[in-house]
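Visitor: Please see the structure below; I have some questions.
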Amino acid sequence: MEEGPYKYIREGNGKVSRVIRIGTRKSQLARIQTDSIAAKLKELYPDIHSEIVGMTTTGDKILDTALSKIGEKSLFTKELENALERNEVDLVVHSLKDLPTTLPPGFTIGAVLKRESPHDAVVLHPKHRGQTLDTLPENSVIGTSSLRRAAQLKKRFPHLDFKDIRGNLNTRLKKLDEKDDFAAIILAAAGLKRMGWENRISQILEPEDCMYAVGQGALAVEVRARDADILEMVSVLHHPDTVLRCIAERAFLRQLEGGCSVPVAVHTEVKDSQLYLTGAVYSLDGSDSLKETMQTSIATAAADKILEEVDEQVQRVGVTASKISGEAQDGAERLGVDLAKLLLSKGAKEILTVARQLNDAR
């Protein structure tokens, strides 16, 4: 039975329970990620039933074109947001790195979960087992659909060739294993771990070899911004350090006006109440780059300070996190903006403009 935008079911014992409809992409990884969030919600709210609604997105359909060439910012999110807007689902689960830094009006990220490893991983063709990127033979072909990975790795490993590879995790691993086209592929370590394929990771790329994408490794729950009920329900899933790191990263990317079509990379850490953000921009071949690190204190205000009334509507780069210190969130956002401005003052815009033009011309 439906009541307003919500759905309820009557159980055998006559008890009426609310159903939370969760939208997700249909890939195996997306389902694993969504099931994990459904399980967390069930643990926190035992009376709630969840119903998972799988959808196919534009990004899932267009498999013969490099992501950076499609030029659409919401490749993996638009169809899910449409369902959210039509009240067909109550919340949507995404990989945070798929969500644009500016969300469409009416939507917000209501939860950012504890981050899995944000690093990239090397998965070798079985015949190269035991090698690393350093020891692979000259001109070995490495598959990656990311301009960010390719730009950094070309500079770091000039003896290797980089080519596009698309498809979900299962498809890419199949392309690697069953053909001889690639000596290795680069994937996000988080996805491999969530799939239970950790044994395929031959090498984790440390930040000095390859910094990661904004939001990589974190899951996000997107909701309707006006849906106070659902927003409150999912807000308990927020992981404070991950939220602050990802706000800084997203603010950095937004200020640079970067997206899928330009090589931008980050590295963040929280240590002793300090948030450190390293950000970099690259030319397509990695020969030209700018990289800087900045930090800010995220020590929350003293407890005796009367907490200001939380404005539920305050979003920071698309994230609503009313239970986390607003001061700390503002500091994280400023850090991202300031670091981007520093890089822009040193010529980042020129590097990114050329990268964009070259990518469009490819």
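The values are calculated or read from the model by the stated rules, or taken from the named source; none is laboratory data. Keep in mind that this is a model prediction, so the values were computed, not measured. Reconstructed Cβ throughout: ideal geometry from the backbone, glycine too, with neighbour counts over all protein chains shown. To get the accessible areas, we keep the full protein, side chains included, count just its heavy atoms, and leave off ligands, DNA and RNA. Shrake-Rupley method; radii C 1.70, N 1.55, O 1.52, S 1.80 Å.
Visitor: Greater than 27 Å separation of Cα atoms is the criterion. Which listed pairs, K155/K175; K97/K155; K26/K175; K97/K271; K97/K179; K78/K341, meet it?
Guide: Working: K155/K175 25 Å; K97/K155 24 Å; K26/K175 20 Å; K97/K271 23 Å; K97/K179 29 Å; K78/K341 30 Å.
With Cα atoms farther than 27 Å apart: K97/K179; K78/K341.
Visitor: Tell me which residues come under 5 Å, amide H to amide H, from D288 once H is placed; ignore anything under 5 positions away on its chain.
Guide: S283
Visitor: Using Cα atoms only, what is the angle between the long axis of helix 169-178 and the major principal axis of the chain, expressed in degrees (0 to 90) to the nearest 10?
Guide: Here the helix axis deviates by roughly 30 degrees.
Visitor: If every alpha-carbon in region 141-293 counts as one equal scatterer, what log10 I(q)/I(0) does Debye give at q = 0.12 1/Å?
Guide: -0.61
Visitor: Roughly how many Å² is the accessible area per residue of the chain, as a whole number, for a 1.4 Å probe?
Guide: Per residue, the chain has an accessible area of 45 Å².
Visitor: Related question: For the pair T135 and S289, what calculated FRET efficiency results from E = 1/(1 + (r/R0)^6), where r is the Cβ-Cβ distance and R0 = 30 Å, to the nearest 0.05?
Guide: Numbers: r = 25 Å, r/R0 = 0.82.
Computed FRET efficiency for S289 and T135: 0.75.
Visitor: Under a 5 Å amide H to amide H cut-off, with H placed in plane at 1.01 Å, what residues pair with G217 once short-range neighbours are removed?
Guide: K97
Visitor: Considering only protein heavy atoms and a probe of 1.4 Å, how much of the accessible area of the chain is carbon and sulfur, as a whole percent? Mind dumping the intermediate values first?
Guide: Numbers: 7980 of 16370 Å².
Of all accessible area on the chain, carbon and sulfur atoms account for 49 percent.
Visitor: Cα gyration tensor of region 120-204, axes a ≥ b ≥ c as square roots of the eigenvalues: rounded (a/c below 1.5), prolate (a/b > b/c) or oblate? It would help to have the intermediate numbers written out before the result.
Guide: Values: a/c = 1.42, a/b = 1.30, b/c = 1.09.
Rounded is the answer for region 120-204, as its axis ratio a/c remains below 1.5.
Visitor: Taking the DSSP beta bridges in the chain as the whole, what percent of them are antiparallel, to the nearest 5?
Guide: Numbers: 42 of 57 bridges.
Of all bridge pairs located within the chain, approximately 75 percent are antiparallel.
Visitor: Modelled label-to-label distance, K163 and S322, 7 Å Cα→beta-carbon offset: nm?
Guide: For the pair K163/S322, the computed spacing is 5.3 nm.
Visitor: Around G347, under 13 Å between beta carbons, what's the net of Lys plus Arg minus Asp minus Glu among the other residues?
Guide: Details: positive: K291, K341, K346, K349; negative: D288, E292, E350.
Net charge in that neighbourhood comes out at +1.
Visitor: Could you sort the peptides 40-53, 200-213 by per-residue average Cβ neighbour count (10 Å cutoff), highest mean leading?
Guide: Values: 40-53: 14.1, 200-213: 18.5.
Taking the mean over residues of other Cβ atoms within 10 Å, the ranking is 200-213, 40-53.
Visitor: Moving on. Collect residues whose amide H, placed 1.01 Å from N in the peptide plane, falls under 5 Å from the amide H of E51; neighbours closer than 5 in sequence don't count.
Guide: Correct list: I20, R21, I22.
Visitor: If each residue of separation counts as 0.36 nm, what is the full-extension length gain between Y8 and V354 once their alpha-carbon separation is subtracted? It would help to have the intermediate numbers written out before the result.
Guide: Numbers: separation 346, 0.36 × 346 = 124.56 nm, distance 5.33 nm.
Additional length available on full extension: 119.2 nm.
Visitor: Right, next: If you average the sequence gap of Cα pairs under 8 Å that are 6 or more apart and divide by the length of region 120-204, what percent do you get for the contact order? Before the final figure, lay out the partial values.
Guide: Values: 125 pairs, mean separation 40.1, N = 85.
Reported as a whole number, the value is 47 percent.
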